[in-house]
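Only one structure is covered here, and it is reproduced in the block below.
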Amino acid sequence: MALLLEKHDIQAIVAEVGLAELMDRVIDHLAEDFGRWEGFDKSPRTANHYPHGVIELMPISNEDWYSFKYVTGHPRNPLDGKLTVAAFGALAEASSGYPVMVSEMTLLTAIRTAATSVFAARLLARPDSRTMALIGTGCQAEFQSYAFHHSFGIDTVRFYDVDPDACRKFARNMAGHPLRLVRCDSIDEACEGADIVSTVTADKANRTVVGRKHLIPGRHFNGVGGDCPGKTELASDMLADLKIAVEYEPQSRIEGEIQALPADTPVTELWQVLNGTAPVRTSDEDMTLFDSVGFAIEDFSVLRCIYGIANDGDFGRRSTLVFAPDDPKDLYSELAVPALPKRVAAM
Ligand code: NAD
């Protein structure tokens with residue numbers, strides 16, 4: 001029977017393991033999975049677009065496991081009290097196709113997205129980066145800051161959001177962490193002196209959250225919020241100056257900042273940077289971009305990580321969502337259908 005993990009189970013896992021340790025473990029799983037990239041059966045996600053958002057299905061598999069995530073991207077949802085990004089997903093054993101775990105993935109997406117940003121920054125940013133500008137302080141913001149502080153070494157976060165309530169929420173949630181927080185009144189102010197600029201905004205439009213004036217030698221851009229056709233955050237005329245890494249080129253051509261580039265512009269995938277075949281940053285002066293859209297392998301990694309923890313511990317509950325009957329050729333008995341009454345012949 002599959003393990004069913006709901007919100008309270010993820011809360012219990014984070015309480016027991018600690019978010020810092022969990023981030024590190026997810027980063028380790030990412031490194032392992034990106035490191036065996038060629039063993040995965042990959043495809044761009046399926047996206048169904050609506051005027052105010054998108055619903056996406058993200059499958060991936062290797063010879064042992066199959067995973068998928070169902071995820072929404074509806075930037076106007078918070079006006080109705082709902083999340084912009086909400087998700088659930090499953091991990092299945094390839095041998096039988098049976099799911100071993102069905103899980104909440106809204107929290108897991110925030111954790112894996114932050115872990116992936118740090119994983120990419122370790123490959124692309126200057127290792128001595130200490131100050132990060134954070135543009136957009138919605139749901140992903142604290143996870144990004146936490147991960148960049150704990151797992152990368154960022155000590156100052158200069159933050160800005162068009163919504164003052166989102167700024168206040170971020171400051172409240174991050175208070176007490178050993179981070180210097182600088183609330184800024186504009187994007188320009190937030191970017192002052194930043195080694196890394198993380199854009200984590202939500203708007204279903206091609207926006208110029210950052211532009212050419214934000215190109216500073218050595219700076220790394222962590223572009224998280226541009227993840228759909230017609231939904232970008234960087235001015236297209238700055239892309240030629242950046243050395244860019246993407247997750248999975250066929251998906252990023254459709255959804256990433258690079259959708260603005262001619263289709264034959266060469267780009268590097270993160271796994272190639274990891275295995276050393278295509279280094280991106282070659283000097284402290286280079287300006288780099290992690291053009292993140294969120295790829296299924298990251299969900300695979302976090303699901304694998306969480307499954308290991310949940311399986312070893314006492315988390316979640318066994319569910320009959322998918323089941324094996326006593327006799328695998330007898331499904332009918334599972335319904336215990338009473339015999340039909342005798343047909344009475346029509347008079
Ligand atoms: P959210 O709606 O909770 O927060 C987005 C914030 O951006 C809001 O507070 C909003 O006021 C702010 N914002 C919008 N336009 C802005 C602007 N021009 N300047 C400053 N702030 C602005 O959304 P979220 O869950 O935090 O997600 C943020 C973005 O990240 C979304 O676009 C989402 O699709 C994307 N995302 C990407 C990945 C990935 O793997 N790349 C994963 C998760 C989410």
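The values are calculated or read from the model by the stated rules, or taken from the named source; none is laboratory data. These figures come from a predicted structure and were not determined experimentally. Glycine also receives a Cβ, built like all others from the backbone with ideal geometry; neighbour counts cover every protein chain displayed. When the accessible area is computed, the model is the full protein with side chains, heavy atoms only, and any ligands, DNA or RNA have been set aside. Shrake-Rupley method; radii C 1.70, N 1.55, O 1.52, S 1.80 Å.
Gly225: at positive phi and of a type outside the set (Asp, Glu), yes or no? Taking the combined requirement at face value, the residue does not satisfy it. What residue, of Ser333, Ser319, Ser292, is over 23 Å from the mean Cα position of the chain (by Cα) and open to solvent by less than 50 Å² (accessible area, probe 1.4 Å)? One residue alone meets the criteria, Ser319. Every test in (1) within 16 Å of the ligand (Cβ to nearest atom); (2) among the β-branched types (Val, Ile, Thr); (3) crowded, with 18+ Cβ neighbours inside 10 Å is passed by Val100 save one, and that test is (1). Would a scan of the stretch 108-123 turn up a residue that is open to solvent by 30 Å² or more (accessible area, probe 1.4 Å) and more than 14 Å from the chain's Cα centre (by Cα)? So far as the stretch 108-123 goes, yes, one or more of its residues are open to solvent by 30 Å² or more (accessible area, probe 1.4 Å) and more than 14 Å from the chain's Cα centre (by Cα). Applying the condition of being among the aromatic types (Phe, Trp, Tyr) and within 9 Å of the ligand (Cβ to nearest atom) to the stretch 144-183 and asking which residue is most open to solvent (accessible area, probe 1.4 Å) yields Tyr160.
Could you go through the stretch 337-345 and let me know if any residue there is open to solvent by 80 Å² or more (accessible area, probe 1.4 Å), in a loop (DSSP other than H, G, I, E, B) and in contact with a helix residue (DSSP H, G or I) (Cβ under 9 Å, 6 or more places away or on another chain). No.
At least 1 residues being within 16 Å of the ligand (Cβ to nearest atom) and over 23 Å from Asp203 (Cα atoms) is the threshold, and among the helices (runs of 4 or more DSSP H) wholly inside the stretch 242-323 those reaching it are 270-274, 296-312. Residues of the stretch 128-148 include at least one that is more than 23 Å from Leu22 (Cα to Cα), touching a Phe, Trp or Tyr at 6+ places or on another chain (Cβ under 6 Å) and touching a residue at least 40 places away in the same chain (Cβ under 8 Å). Within the stretch 189-217, residues that are on the phi > 0 side of the Ramachandran plot have Cβ atoms under 8 Å from residues that are of a type outside the set (Gly, Ala, Ser) and open to solvent by 10 Å² or more (accessible area, probe 1.4 Å) in these pairs: Gly193/Thr131; Gly193/Arg158, counting only partners at least 6 apart in sequence or on another chain. Scanning the stretch 2-51 for residues that are open to solvent by less than 30 Å² (accessible area, probe 1.4 Å) and of a type in the set (Lys, Arg) yields a single hit, Arg45.
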